[in-house]
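Asks: Following this message is one structure expressed as structure tokens.
The values are calculated or read from the model by the stated rules, or taken from the named source; none is laboratory data. From a predicted model like this one, the values you see are computed outputs, not experimental measurements. Positions of Cβ are generated from backbone atoms using ideal geometry, with glycine treated the same way; all protein chains shown enter the neighbour counts. To get the accessible areas, we keep the full protein, side chains included, count just its heavy atoms, and leave off ligands, DNA and RNA. Shrake-Rupley method; radii C 1.70, N 1.55, O 1.52, S 1.80 Å.
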Amino acid sequence: SSGKIVDFKIEDVYTADGQLKGHVDPPPAIRKYLSQPNYFLRDSNFDPDFAISAALSSWFLQKELGKEVDGVIGLNLTLAQKLMQVVGPIKLSDFGNEEVSDANFFYKVNYFSQDNFFPGSTQKKDILTAVTNEITMKMTGNTQINLGQLLPIIKQSLEEKNILFYFKDETMQKFVEDHGWAGRMAKVVCVARKDGNGQQITSYIDSCFPDYLSIIEANLGVNKVNYFINKSTVIEKKISPDGQISTTVTLSYENLNNTTFNQPQTYVNYLRIFVPVGSKLVSVILNNAPLSPSDIDTDVYANDKTVFGVLVKIAPGNKGVVKITYQSPRPLSDNTSSYQLFYQKQAGDKNSPLVFSLVFPSMYRFLPENFASSTARDYEIYYTTDTSVDRIFEMKRE
């Protein structure tokens, strides 16, 4: 009210889910791989489009607790840790004056949430409430918080999708969507260029070849092992003389989970690759072993994307490599003057290395427009970056 928090409560999602009356069918992957025949609030963010997931979570909350909401805000551990860098360490009087800082936030909260946990326990709610109250008191009390440090953190978190918004009010929702703060899945179209007057250049769109890739992971292991997962992504695209585009996405994982945190836990990753609709899957190779078609789920998403889904398990202390190869739904045409790959980051995912390369024959020579290739080879583009934000790789045909 008037910019101030009037009331703030933290509840255990399992407490809410226990009050759901009736049955809701879950997505097929949750039923198949999680062996869960029912759908609950705790799994309602399965759809990668935040607006869709947020609307569903609102629906579940109303059915479970009878509460109507005006909006949903999603934030992740990265933002919480960055806020604590500004706020500084806090002490929890109800937990033996335990000190919590940005460096140990994850470990402390999980320890007090899980230690000797039993059904019906309130310890998860208690530790999160204590931490939140202390942070709020520091940020709104007499302690001077450096806004010069806080505002860049919020800005970066918005850009990196570590905080997202959904509003039932259409005007508010349009505002966050226009600013890229709504976590919407992008359409498979070229991003328009504008002339000096800010008008879109229609001829550019007509001759631009749009490409798209989004890599979405869902932890179905009922654990917090994502914190310990290191990942790197390599996108290799090859254009054949007839204009067909073949893509190989290589994902390298390492599960650094160890006994200093808890019992060693396996990363059970339902991996989905979203590509332009009509793309043809060539192969999926897990640790040098090809997967059979029965191990691969294929579906259409939002009418303009094909999604390939596979279950990947990485045991604690182990590494794993997934290679997905597919072909574009159509070849480049003679009037193609530019090529755009939109790489869309999964909202809330950790920052990790990203490598993009494009190899092409002489008749399809492309030059990078909005980034600098680091290769000296003819007919090849090579670029190293990261997954902190969405990436548009734009190339112009000579």
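Asks: Evaluate the charge dipole of the chain about its Cα centre and quote only its size in Debye, nearest 20, assuming +1 on the Cβ of each Lys and Arg and -1 on the Cβ of each Asp and Glu.
Replies: Using only the charged Cβ atoms, the result is roughly 380 debye.
Asks: Please state, as a whole number in µm²/s, the translational diffusion coefficient that the Stokes-Einstein equation yields for the chain at 25 °C and 0.890 mPa s, with Rh defined as the Kirkwood radius across alpha carbon pairs.
Replies: 104
Asks: Then there is this: Which longest run of the chain has no exposed loop site in it, a site being chymotrypsin sites (Phe, Trp or Tyr not before Pro) in a DSSP loop with at most 11 other beta carbons within 10 Å, and the site itself not part of the run?
Replies: 118-398
Asks: Once you have the Cα-Cα distance between E159 and F175, take 0.36 nm times their residue separation minus that, and quote the gain in nm to one decimal.
Replies: 4.3 nm
Asks: Please compute, over every Cα-Cα pair in the stretch 1-141, the percentage with a separation greater than 17 angstrom.
Replies: 68
Asks: Also, quick follow-up: Relative to 2.2 N^0.38 Å, what does the C-alpha radius of gyration of the stretch 254-379 come to as a ratio? Two decimals please.
Replies: Ratio of Cα Rg to 2.2 N^0.38 Å: 1.32.
Asks: How big is D for the stretch 307-394, in µm² s⁻¹ as a whole number, if Stokes-Einstein is applied with the Kirkwood radius of its Cα pairs at 37 °C and 0.692 mPa s?
Replies: 207
Asks: Using +1 at the C-beta of Lys and Arg and -1 at the C-beta of Asp and Glu, which of Q344, Q263, V234 has the Cα lying farthest in the positive direction of the dipole of the stretch 231-351?
Replies: Q263
Asks: Related question: Order the following by accessible area, largest value first: M185, M137, M395. Probe radius 1.4 Å; ligands, DNA and RNA are ignored.
Replies: M137, M185, M395
Asks: Given Cβ point charges of +1 (Lys, Arg) and -1 (Asp, Glu) and nothing else, what value in debye, to the nearest 20, does the dipole of the stretch 292-398 about its Cα centre take?
Replies: My answer is approximately 240 debye.
Asks: For the chain, what is the percent of antiparallel DSSP beta bridges, rounded to the nearest 5?
Replies: 85
Asks: Would you mind checking the tilt of helix 123-140 against the longest principal axis of the Cα atoms of the chain, expressed as 0 to 90 degrees and rounded to 10?
Replies: 80
Asks: GNM on the chain, C-alpha springs below 10 Å: top fluctuator among N226, N303, N255?
Replies: Of N226, N303, N255, the Gaussian network model singles out N303 as fluctuating most.
Asks: May I ask you to list the GluC sites (Glu not before Pro) in the stretch 1-89 that are in a DSSP loop and have at most 15 other Cβ atoms within 10 Å of their Cβ?
Replies: E11, E68
Asks: Hey, can you find the accessible area per residue of the stretch 224-282 for me, probe 1.4 Å, expressed in square angstrom?
Replies: 40
Asks: Next question, about the same structure. Can you give the calculated 222 nm mean residue ellipticity of the chain, where each DSSP H run of n ≥ 4 adds -39,500 (n - 2.57) and the sum is split over every residue, rounded to the nearest 500 deg cm²/dmol?
Replies: It comes out at -7000 deg cm²/dmol, rounded to the nearest 500.
Asks: Shifting gears a bit: Which residue fluctuates the most in the chain, going by a Gaussian network model with Cα springs under 10 Å, if the choices are S333, S93, S352?
Replies: Highest fluctuation among the options: S93.
Asks: Could you check the spin-label model distance between T384 and M363? Points 7 Å from the Cα along Cα→Cβ, value in nm.
Replies: The two pseudo-label positions are separated by 3.5 nm.
Asks: Then there's this: I'd like the trypsin sites (Lys or Arg not before Pro) in the stretch 1-108 restricted to DSSP loop residues with at most 11 other Cβ atoms within 10 Å, sorted by number.
Replies: K4, K9, K21, K67
Asks: Another question about this same structure. Starting from the Kirkwood radius over alpha-carbon pairs of the stretch 72-133, derive D by Stokes-Einstein at 37 °C in a medium of 0.692 mPa s and give it in µm² s⁻¹.
Replies: For the chosen part, D equals 267 µm²/s.
Asks: Rolling a 1.4 angstrom probe over the protein heavy atoms, how many square angstrom per residue are accessible across the stretch 337-398?
Replies: 45
Asks: Could you work out how far the C-alpha centroid of the stretch 206-243 sits from that of the stretch 120-195, in angstrom?
Replies: Taking the Cα centre of the stretch 120-195 as reference, the centre of the stretch 206-243 is 24 Å away.
Asks: In whole angstrom, note down how far apart the Cα centers of the stretch 8-86 and the stretch 269-343 are.
Replies: The two parts, judged by their Cα centres, are 27 Å apart.
Asks: Relative to the present Cα-Cα distance, how much length would full extension add between I73 and S374 at 0.36 nm per residue of separation?
Replies: Gain in length upon complete extension: 104.4 nm.
Asks: Hey, another quick one. About its Cα centre, how strong a charge dipole does the stretch 24-149 have in debye, to the nearest 20, once Lys and Arg get +1 and Asp and Glu get -1 at the Cβ?
Replies: Using Cβ point charges on Lys, Arg, Asp and Glu, the stretch 24-149 gives about 100 debye.
Asks: Any idea what the relative contact order of the stretch 235-364 is, in percent, if you count C-alpha pairs under 8 Å spaced at least 6 apart?
Replies: With pairs under 8 Å counted, the relative contact order is 40 percent.
Asks: Can I ask one more? How far apart, in nanometres, would the label points at D25 and S93 be if each is projected 7 angstrom from Cα along the Cα-to-Cβ direction?
Replies: Distance between the two pseudo-spin positions: 5.3 nm.
Asks: Still on this structure: Heavy atoms only, probe 1.4 Å: what % of the accessible area of the stretch 241-398 goes to carbon and sulfur, would you let me know?
Replies: Exposed carbon and sulfur together represent 49 percent of the surface.
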